[in-house]
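What follows is calculated from the coordinates using simple rules that are stated; it is not laboratory data. It should be emphasised that the depicted structure is a prediction, and the values quoted were computed from it without experimental measurement. Note that each Cβ is placed from the backbone with ideal geometry, even for glycine, and that neighbours are counted across all protein chains shown.
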Amino acid sequence: MARPGDAAMRQVHITVRQLEVFIVMARELHFAHAAKALHLSQPTVSLEIRKLEEALGVELFERSTRTTLLSEAGSALLAEADRIHAQLVSFEDSARLFARMSDRTVKVVASPSVIDRLLPAVIGKAEKALPDLVIDEISADTGTVTAVLSAEDADIGLGRFLDPLPGFQVETLAQEEVFVVLSRGNPHAADQTLTLSDLAGLPLLLWPRERSPRYYDAILALCGERGLDPAVIEAPARIVGSRSYLIGENRAFTLVPGSARAHLPDDLRAVPLSVPGLLPMEMLSRSEDPRPFVGELIAVIRLQAARLLAHHAGAASAIPDLKDPE
């Protein structure tokens, strides 16, 4: 016979996955949609919810043949489940980082223009300043740095207009000058500078907006501010890659940050704007990382980003305060 107080004393066993399933199911309120979001089967989602309800001794959802709604208990427990889940994930992440303390490998995810210029400078400097550090570089197309960083369990992301990620912070490393990329056969290719309104009638080659909405909007906003409302030709993420022939044939132009200029095909020329426009170079890094060598690499990245910006501005000698990390 059960004694008074047994129910209060019983242990409740809950898994991180059960909490995650509950949180997603509370958002979707549809088992098939939740299963898709979680990359699980629908029966698995149903089973995890049932196990959680049995462990807690309450029903979290009100189910009918047509709808699924949060119960009173489910609504009351959702915020607490969110908080506990976040703490557990953070706990697991911290433990994993400590487990990787002896493995001096840092995974760095970078977008194309960063891989072209900044990352080689970082790796070259790190080989001298941090000789026992291994940098595992991972390329990510425009707009995918955050997603790739998360999927690869990487440590640092480098790109533009980076999406936030729980447990990480976004830092602007530099503001890079924007250049117009034209065919060498375009009459304005020989100009020292130009205004975007000079390109009226020439389409803008750009990736689809859904790939990086904030970056896309920033480029079009720059055009609008300079009196140009261009037709847009959509291209893959690397706009000076497989579709660059459109620019070479003078059928389009594009806008790139200064660090992308060195890797343009020979038939293209980058021309600065008469009134400079700027694009941010950003870094995603963990808000808290117990590994000192990651912080040392971040210091190298900051230094090389500042030097790159100064070089593009033609003022490398004007930054004597930039010190190499010891």
Restricting the calculation to Cα positions, tell me the Rg (one decimal) and the Dmax (whole number) of the stretch 180-283 in Å.
12.6, 37
In the Gaussian network model of the chain, springs joining C-alpha atoms below 10 Å, which of Gly74, Gly295, Gly57 carries the largest mean-square fluctuation?
Gly57
Determine the gain in length on full extension of the stretch Glu72-Val58; use 0.36 nm per residue of separation and subtract their C-alpha separation, reporting nm with one decimal.
4.1 nm
For the Glu127, Thr195 Cβ pair and Förster radius 41 Å, calculated FRET efficiency rounded to 0.05 is 0.45
Does anyone have the angle between helix 16-28 and the longest principal axis of the chain? Alpha-carbon axes, 0 to 90°, nearest 10?
70 degrees
If you average the alpha carbon positions of the stretch 271-292 and of the stretch 176-226, how far apart do those two centres end up, in angstrom?
20 Å
Filtering trypsin sites (Lys or Arg not before Pro) in the stretch 60-94 by DSSP loop and by at most 16 other Cβ atoms within 10 Å leaves Arg66
Round to the nearest 10 and give me the degree value, 0 to 90, for the angle of helix 119-129's Cα axis relative to the longest principal axis of the chain.
80 degrees
Output for the chain (equivalent-ellipsoid semi-axes, sqrt of 5λ from the C-alpha gyration tensor, Å, descending) is 48, 27, 15
Local electrostatic count at Ser75 - Lys and Arg +1, Asp and Glu -1, tallied over other residues with Cβ under 13 Å
-4
Multiply the residue gap between Ala306 and Ala86 by 0.36 nm, knock off their C-alpha separation, and tell me the result in nm, one decimal place.
75.7 nm
Per DSSP H run of at least 4 residues, take -39500 (n - 2.57); add these up for the chain, divide by its residues and hand me the 222 nm value, nearest 500 deg cm²/dmol.
-12000 deg cm²/dmol
Lys, Arg +1 and Asp, Glu -1 on Cβ, resulting dipole of the chain about Cα centre, debye, nearest 20
300 debye
Would you tally the net charge around Pro280, using a Cβ to Cβ cut-off of less than 13 Å, leaving Pro280 out, and scoring K and R as +1, D and E as -1?
-2
Any chance you could run the full-extension gain for Glu288 through Ser139? It's 0.36 nm times the residue separation minus the Cα-Cα distance, nm to one decimal.
51.2 nm
Using the eigenvalues of the Cα gyration tensor, what equivalent ellipsoid semi-axes result for the stretch 12-99 when each is taken as the square root of five times the eigenvalue, whole Å, largest first?
24, 15, 11
Expressed in µm² per second, the diffusion coefficient of the stretch 66-178 from the Stokes-Einstein equation, with Rh the Kirkwood radius over alpha carbon pairs, at 25 °C and 0.890 mPa s, is 146 µm²/s
So, over other residues within a Cβ distance under 11 Å of Leu40, counting Lys, Arg +1 and Asp, Glu -1, the net charge is 0
Inter-label distance, nm, simple model (7 Å from Cα along the C-beta direction), His39/Val275:
4.7 nm
